[in-house]
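J.: This is the structure I have questions about; it appears just below.
The values are calculated or read from the model by the stated rules, or taken from the named source; none is laboratory data. All figures in this text were calculated on a predicted structure; none of them were measured in a lab. Note that we place each Cβ from the backbone using ideal geometry, even for glycine, and neighbour counts take in every protein chain shown.
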Amino acid sequence: MDVLVYAVSFALQIVTPWWLVRRDERRLAPRERARAWNEATFRLAVVVFGPLAVATHFLRTRRTVRGLALGLLASALTALPASAVGALAELWLDEPSPTVGEALASMLLGAAALALVAGILAALLVGADVAIRRGARALARAARGAR
């Protein structure tokens, strides 16, 4: 039964972020959509990072504090279904029986910790992206000046 719970949680950690990011991309303005990931990067981010990819997507496409806040909230929300499966399985399987309050607290703390890590990761990735773009512009200016 543990394998089934793990498999369902694992699948939810991929499907939920995929659905949320795709839904959000359909609603983006053209300028924001241009900053979204290409298909290969999107698939890699969702499979490898799961809910962490959601915060990065929101910050990458919006590049505002509001985008970061939306991303952290969405990242926490995408972690909840998988956490809920684990918490309900613990209650149902009659393992070390946490109370409903303990299971809920564990689920919420896990989602909050995930949102914090997602925010840090998103800030690092966007910062690296901005630095790379600035470096590319500086190289282009230097190349034009050398002609």
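J.: Residue by residue through the stretch 1-46, note down the ones that are within 14 Å of PHE58 (Cβ to Cβ), of a type outside the set (Asp, Glu) and touching a helix residue (DSSP H, G or I) at 6+ places or on another chain (Cβ under 8 Å).
T.: Listed by number, the residues that qualify are PRO17, LEU20, VAL21, LEU28, ARG33, ARG35, ALA36, TRP37, PHE42, ALA45, VAL46.
J.: Would you check which residues across the stretch 35-71 are over 15 Å from ILE14 (Cβ atoms), of a type in the set (Lys, Arg), surrounded by fewer than 16 Cβ atoms within 10 Å (Cβ to Cβ) and without any contact (Cβ under 8 Å) to a residue 60 or more places away in the chain and list them?
T.: ARG35, ARG66, listed by residue number.
J.: Okay, moving on. When you look at ALA143, is it aliphatic (A, V, I, L, M), modelled with pLDDT of 75 or more and assigned to a helix (DSSP H, G or I), yes or no?
T.: Against the criterion (aliphatic (A, V, I, L, M), modelled with pLDDT of 75 or more and assigned to a helix (DSSP H, G or I)), ALA143 qualifies.
J.: Next question, about the same structure. Let me spell it out: the conditions are (1) surrounded by fewer than 20 Cβ atoms within 10 Å (Cβ to Cβ); (2) in contact with a helix residue (DSSP H, G or I) (Cβ under 8 Å, 6 or more places away or on another chain); (3) over 20 Å from VAL3 (Cα atoms), and GLY86 meets all of them except one. Which number is the exception?
T.: Every listed condition holds for GLY86 apart from (3).
J.: Has the stretch 11-34 got any residue that is among the small types (Gly, Ala, Ser) and over 24 Å from ILE132 (Cβ atoms)?
T.: Start the filter on the stretch 11-34 by keeping residues that are among the small types (Gly, Ala, Ser), which leaves 11, 29, 34.
Still in the running and over 24 Å from ILE132 (Cβ atoms): 11.
Looking through the stretch 11-34, at least one residue is among the small types (Gly, Ala, Ser) and over 24 Å from ILE132 (Cβ atoms).
J.: Separate question: Quick one: in the stretch 1-27, of everything that is of a type in the set (A, V, I, L, M, F, W, C) and loosely packed, with under 15 Cβ neighbours inside 10 Å, which residue is nearest to the chain's Cα centre (by Cα)? Can you show your working first?
T.: Residues of the stretch 1-27 of a type in the set (A, V, I, L, M, F, W, C): 1, 3-5, 7-8, 10-12, 14-15, 18-21.
Going one step further and asking which of them are loosely packed, with under 15 Cβ neighbours inside 10 Å, we end up with 1, 3-4, 7, 10-11, 19.
Values: MET1: 28, VAL3: 24, LEU4: 24, ALA7: 19, PHE10: 14, ALA11: 15, TRP19: 12 Å.
Looking at residues that are of a type in the set (A, V, I, L, M, F, W, C) and loosely packed, with under 15 Cβ neighbours inside 10 Å, I get TRP19.
J.: It is to be established whether one or more residues within the stretch 19-42 are within 19 Å of ALA7 (Cα to Cα) and out of contact with any His (no Cβ under 9 Å at 6 or more places or on another chain).
T.: If we filter the stretch 19-42 for residues that are within 19 Å of ALA7 (Cα to Cα), which is where we start, we get 19.
Next, from what is left, pick out any that are out of contact with any His (no Cβ under 9 Å at 6 or more places or on another chain): 19.
Yes, the stretch 19-42 contains at least one residue that is within 19 Å of ALA7 (Cα to Cα) and out of contact with any His (no Cβ under 9 Å at 6 or more places or on another chain).
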